[in-house]
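Peer 1: This structure is in structure tokens; I'll ask about it shortly.
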Amino acid sequence: MGRPPKLLGRDTRRVLMDSALTLFAGHGYSGVGLRDIARLAGVREGALYHYFTGKEDLMSALVNEHREVFVHVQTLIAAPIVDLQAWLAAIVTAILDEFADPTEQLVYRLLMQDGVRLAEQGQLNLEERIGARMELGERFVRRLFDEGHAEPGPVEPLGALFFGPLILWRKLLLCAPDSPLIRDRETFERQHVMYFLRALRPSGAEARP
């Protein structure tokens with residue numbers, strides 16, 4: 001990959017972070033040096049130290065920037081449920097949009113490769129990251145319970161029923177992008193919502209508006 005055009009000062013930090021993420025995701029954290037990052041960013045290695053103290057600082061900046069994903073999903077979960085099917089469909093679409101975002105795909109690849117080791121080294125708080133996702137899922141299920149769209153019960157099974165296939169889709173996007181579920185995302189979304197609604201409304205049960 002060639003060097004980008006000469007950068008404006010305010011853009012250099014962003015380009016360094018993007019370059020680092022690309023290299024970390026492709027070669028692993030330990031397989032990348034600061035010289036590699038600077039070369040891809042098109043800057044001198046010494047210029048990198050104007051923005052980061054080293055590779056660990058750069059990695060921390062990447063993780064901190066991407067730990068608050070799903071902001072739009074959080075907003076949707078908190079929104080009024082006027083039409084349950086439309087509400088579910090909007091959440092599914094927003095989640096898969098996040099998963100399909102090119103930058104988020106690189107973050108996910110990096111976490112799959114180096115997440116545990118980085119957590120052991122204190123550079124990544126996996127417990128916090130996973131806990132935030134679990135809290136989001138719990139809020140989603142509680143909405144269904146509290147508003148009478150699902151029979152109250154344990155949170156985890158219903159959360160797994162809704163979010164499990166979406167997590168599988170994310171893994172397929174990384175490992176098998178030619179899978180039919182990836183190529184025909186619209187059908188996957190529609191069928192997932194319908195199957196989930198059937199689980200909420202057993203045969204003969206009256207649907208709540």
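Here, each number is a calculation from the coordinates, and none is a lab measurement. Nothing here was measured: the structure is a model prediction, and the numbers come from that model. No Cβ is skipped: glycine too gets one built from the backbone with ideal geometry, and neighbour counts run over all protein chains shown.
Peer 1: Which FRET efficiency value, to the nearest 0.05, is calculated for Arg143 and Arg190 with the Förster distance at 22 angstrom and r the Cβ-Cβ distance? Intermediate results must be reported in sequence, preceding the final value.
Peer 2: Numbers: r = 21 Å, r/R0 = 0.97.
Step by step, r from the Cβ atoms, then E = 0.55.
Peer 1: Right, next: With Kirkwood's inverse mean 1/r over C-alpha pairs for Rh, give me the Rg to Rh ratio of the stretch 9-63, two decimals please.
Peer 2: Numbers: Rg = 9.7 Å, Rh = 10.8 Å.
That ratio equals 0.90.
Peer 1: Which shape class applies to the stretch 13-165: rounded if a/c is under 1.5, otherwise prolate when a/b exceeds b/c and oblate if not, where a ≥ b ≥ c are the square roots of the Cα gyration tensor eigenvalues? Write down the numbers at each step before the final one.
Peer 2: Numbers: a/c = 3.16, a/b = 2.43, b/c = 1.30.
Here the stretch 13-165 falls in the prolate category.
Peer 1: Moving on to the next point. In the chain, once you exclude exposed GluC sites (Glu not before Pro) (DSSP loop, at most 15 other Cβ within 10 angstrom), what's the longest stretch remaining?
Peer 2: Working: sites that count: Glu68, Glu147, Glu206.
Counting only loop sites that pass the neighbour cut-off, the longest clear stretch is 69-146.
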